[in-house]
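Have a look at the structure below, then the notes.
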Amino acid sequence: MQFPANFEANNFLKTNSYGYLGNSNAINPLNTFPEKKERVFRVIMMGGSSMFGFGVNHESKTIPAYLERLSNSELSKIKSKYDYIQVLNFGHPGAHSSILLMKLSQYLVHLEPDMVISLDGFNDAWYALYEANRVGTNVGIINWAHASYRYFKCLKYDGCSGN
């Protein structure tokens, strides 16, 4: 679940040469990728179409772009070991939490993020409720959020008997 390089998602949004949406930031350390510059705090944002930016008319108006600008404007007001906060937009329309977990564990982890933010919900609910009917199975699609709570409960309370 990754766009190809220079993919035109709609009339307004086009991925860069690495297949993700940039933030239209002119500051050089913030445009450096995939290597991570020193004194840069790297945030990876993941999610579905809302995170990607559908509904806006420029990449500078996405959630990650706003967070990057706001964070860097406030960074000078605090004592920090970082010079910049880089926010990478790895949103993808239709993504749900199980896809995002695979994406993070397979290749985004190699980008050395200092923080990962995931905006999920609607697509998880959609897949859990409707995808089994669409593909014609009587087995429900895993609701990743529900499954993760179950495993947390198993670990915390020492066992999953009866579940």
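Values for this structure:
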item	result
Peptide ranges 92-98, 54-60 listed from the most packed, as the mean C-beta count within 10 angstrom indicates	92-98, 54-60
Cross-link reach list, aspartates and glutamates versus Lys14, counting only Cα pairs under 17 Å and skipping chain neighbours closer than eight places	Glu59
Accessible surface of the stretch 55-97 [probe 1.4 Å, protein heavy atoms]: carbon and sulfur percent	57 percent
The stretch 39-121 - Rg and Dmax from Cα coordinates, angstrom	13.3, 39
Among 75-84, 18-27, the order from most to least packed when residues are scored by Cβ within 10 Å on average	18-27, 75-84
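The values are calculated or read from the model by the stated rules, or taken from the named source; none is laboratory data. Since this is a predicted model, take the numbers as computed values, not measurements. So basically every Cβ, Gly included, is an ideal-geometry build from the backbone, and we count neighbours across all protein chains shown. Accessible surface areas use protein heavy atoms only, side chains included; no ligands, DNA or RNA. Shrake-Rupley method; radii C 1.70, N 1.55, O 1.52, S 1.80 Å.
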